[in-house]
Amino acid sequence: MTTAVSRSPRANRLMAWFNRADAAEYQLCLRMNRTCRIRGVRRMFATISRLGDGVFWYTLLLLLPVMYGEAGLYPALRMALVGVAGLLLYKYLKTRLTRERPYITLAGVVAGTPALDRYSFPSGHTLHAVSFTVLACYSFPALAWLCIPFAVLVAASRVVLGLHYPSDVLAGACIGAGLAVASIRILPIYSTHNRQDLLVTEYRVHLPLTDPDCVSWRCCSAGCLRITAHSCG
């Protein structure tokens, strides 16, 4: 004999919301994956996905010290450490959450390229794309024009190719951003837009009456240097 399990109105509303979100995600997967049937689109996103698997980011890590000298070495090392942490974290989550990929569970979704592993949640490609982009742009804002569009394309490719749900991509992006921000807090390293010696404040100091001049001081992380002297009138 079975008994019906009654739910509270709040639980019913929450379940209905999840069902609607799941149906919307299914439809989005289908729409994006349909573009994969076009050979040119499939090849383009398969190439982007392959580059986002490591080739693009490894190349960037190697080029940072070449382009920026010593100033690029430590940001590259921080990116490498975050990359390792992200790899370990998303592999752990995948083996615990065991969400099958869309092309396995959803009718009408096909794989545009072979998957690297079985499970779907979260998207490791997106996790690394977002974390590396945040770190690269934080240290070197001039790289934003390259990293941000590429990261967006990598995230989109995972859904277009039928390898991830949009929620996998969103979760990977959030985790990647969180790892990047945490590493910036824990390992504060050179940044071209927040160097302390660029934070300059000027003060005007009035000397005793025996000397009616005013002196302007330029203060930075190295100390205070007198730069001008003029009459206070």
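Each reported figure results from applying straightforward, stated rules to the coordinates on display, with no laboratory input. This structure is a prediction, so every number in the text was calculated from the model and none was measured. With ideal geometry, Cβ positions are generated from the backbone for all residues, glycine too; neighbour counts draw on all protein chains shown.
For the reader, a short list of remarks on this structure follows.
- Whether the stretch 22-156 is rounded, prolate or oblate, judged on the alpha carbon gyration tensor where a/c under 1.5 counts as rounded: prolate
- Prolate/oblate/rounded call for the stretch 1-97, Cα gyration tensor, a/c under 1.5 rounded: oblate
- With kT/(6 pi eta Rh) evaluated at 25 °C and eta = 0.890 mPa s, and Rh the Kirkwood radius from Cα pairs, the stretch 56-109 diffuses with a coefficient of 180 µm²/s according to Stokes-Einstein.
- Charge tally around Leu97: other residues with Cβ under 13 Å, Lys/Arg +1 each, Asp/Glu -1 each, net +3.
- Computed over the stretch 43-82, the convex hull of the alpha-carbon atoms projects to a mean area of 2.9 nm².
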